[in-house]
Amino acid sequence: MPPRFLLDEHVNPAIQRQLQRRSLTITVRRVGEIDAPPKGSSDADLLIWAERERFVLVSEDRSTLPGVLRAHLESGQHSYGILWIRPDSSVGELIEELYLIWQVCAEDEFMDHAVYIPL
């Protein structure tokens with residue numbers, strides 16, 4: 001099964017739209033949508049939701065999320081992965097990267113890891 005993506009609320013919504021145009025079977029949700037955490041959710045709540053629902057979290061938050069992720073993992077919980085968006089990445093680059101990840105990676109490929117994208 002390919003990975004499913006949860007975009008945090010600050011990620012450009014065009015990424016979700018363009019990924020879903022490329023494939024009707026890709027699962028991409030944004031914080032604030034139905035069946036996703038509400039806007040304003042804490043980092044800890046996003047990690048808990050993403051773990052429970054088996055989603056890879058895609059975020060630009062490199063300030064608070066790393067510490068929260070560390071505490072989450074140290075408490076014995078898990079993550080299906082965090083994909084941190086590199087500063088100055090274009091929307092096109094991110095769409096290409098996420099689509100490629102979706103095509104070639106398994107759902108648990110990034111288990112308990114954080115990776116910067118584009119690679």
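The values are calculated or read from the model by the stated rules, or taken from the named source; none is laboratory data. None of the values given here were measured: they were computed from a predicted structure. Glycine gets a Cβ as well: all are built from the backbone with ideal geometry, and neighbour counts include every protein chain shown.
Look at Ser75 and say whether it is at pLDDT below 95 and over 15 Å from Arg4 (Cβ atoms).
So Ser75 fails the test.
Are any residues in the range 97-111 loosely packed, with under 15 Cβ neighbours inside 10 Å and either free of Cβ contacts under 8 Å to residues at least 24 places away in the same chain or outside any helix (DSSP H, G or I) (or both), and if so, which ones?
As a first pass, look at the range 97-111 and keep what is loosely packed, with under 15 Cβ neighbours inside 10 Å: 100, 103-106, 108, 111.
Result: Leu100, Val104, Cys105, Ala106, Asp108, Met111.
Hey, does the range 105-119 have a residue that's more than 16 Å from Leu6 (Cα to Cα), modelled with pLDDT under 95 and not aromatic (Phe, Trp, Tyr)?
Looking for residues that are more than 16 Å from Leu6 (Cα to Cα), modelled with pLDDT under 95 and not aromatic (Phe, Trp, Tyr), one finds at least one in the range 105-119, hence yes.
State all residues of the range 14-49 that are β-branched (Val, Ile, Thr), assigned to a loop (DSSP other than H, G, I, E, B) and under 13 Å from Leu98 (Cβ atoms); if no residue qualifies, say none. Spell out the reasoning first.
So in the range 14-49, the residues β-branched (Val, Ile, Thr) come out as 15, 25-28, 31, 34, 48.
Then drop every residue that is not assigned to a loop (DSSP other than H, G, I, E, B), which leaves 25-27, 31, 34.
Those that are β-branched (Val, Ile, Thr), assigned to a loop (DSSP other than H, G, I, E, B) and under 13 Å from Leu98 (Cβ atoms): Ile26, Thr27.
Could you check the range 21-51 and list, in sequence order, the residues that are among the polar types (S, T, N, Q) and more than 15 Å from the chain's Cα centre (by Cα)? Give the steps one after another, and end with the answer.
Pass one, the range 21-51, residues among the polar types (S, T, N, Q): 23, 25, 27, 41-42.
Selection gives Ser23, Thr25.
When the residues of the range 10-40 are narrowed to those that are touching a residue at least 12 places away in the same chain (Cβ under 8 Å) and of a type in the set (Ser, Thr, Tyr), which ends up surrounded by the fewest Cβ atoms within 10 Å (Cβ to Cβ)?
For the range 10-40, the residue satisfying everything is Ser23.
Give the residue that is nearest to Gly32 (Cα to Cα), with candidates limited to residues of the range 50-76 that are in contact with a helix residue (DSSP H, G or I) (Cβ under 7 Å, 6 or more places away or on another chain), part of a helix (DSSP H, G or I) and of a type in the set (A, V, I, L, M).
In this case the residue turns out to be Leu65.
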